[in-house]
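Enquirer: The structure under discussion is supplied below as structure tokens; questions concerning it will follow.
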Amino acid sequence: MLNRIRSLFAGDDDAEPGEDALQAAAAALMVEAARTDNSISEAERERILAVARRHFNLSEDEAQDLLSAAVFDTEGASPYHRYVSVILDRCPPERRIWIIEMLWEVAYADGVLNDLEASLLRRIGGLLHVSDVERGEARKRVLQRLGLPDDAGLPV
């Protein structure tokens, strides 16, 4: 699986399109969300693995391979627009909200939402054509799922 994922990140024309490409793009965006403060905490890493296993029905090893490939591919200045394009191509509009929910889960992995994370979620949501209302509802679902208060991470 790791070689297949790496070939997708590398843009290999022989790579099989479809669900693998969608998983790779989603994982890269989750890594981007985690890395907004220039590091990926252990809580964020564990959240990405848990979200990938749950949403993509992956084994622990498959989720770890996906995360490793995403971390490697997004090192340095990563153009997340490339990953958004994959999602736009392979995910119908009514299903894109789950990408936003995954990103909210990663942003709240440490229980705190910082301004850079919130900004990234707004930008990616806009690029995915997910409305402010839908992003807000996704955020509330994630807060409820994580057992955090509705005002977690909001400015006072």
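Read-outs: derived from the displayed coordinates by stated rules, not from any lab. What you are looking at is a predicted structure, and each value in this text was computed from that prediction instead of being measured. Here Cβ is always computed from backbone atoms with ideal geometry, including for glycine, and neighbour counts include all displayed protein chains.
Enquirer: In 10 Å bins starting at zero, report the fraction of Cα pairs in segment 2-146 per bin as a rounded %.
Expert: Histogramming segment 2-146 at 10 Å steps yields 12, 47, 36, 6, 0 percent.
Enquirer: Please turn the phi angles of segment 98-110 into ³J(HN,Hα) values with the Karplus equation 6.51 cos²θ - 1.76 cosθ + 1.60 (θ = phi - 60°), one per residue in order, whole Hz, x for glycine and proline.
Expert: Each residue of segment 98-110 in turn: 5, 5, 4, 4, 4, 5, 4, 4, 5, 4, 9, 4, 9 Hz.
Enquirer: Could you put Arg139, Arg145, Arg45 in order, starting from the residue whose Cβ has the fewest other Cβ atoms within 10 Å?
Expert: So the residues, fewest neighbours to most, are Arg145, Arg45, Arg139.
Enquirer: What shape does segment 61-102 take by its C-alpha gyration tensor, where a ≥ b ≥ c are the square roots of the eigenvalues and a/c under 1.5 counts as rounded, a/b above b/c as prolate, and the rest as oblate?
Expert: Since a/c reaches 1.5 but b/c is at least a/b, the shape of segment 61-102 is classed as oblate.
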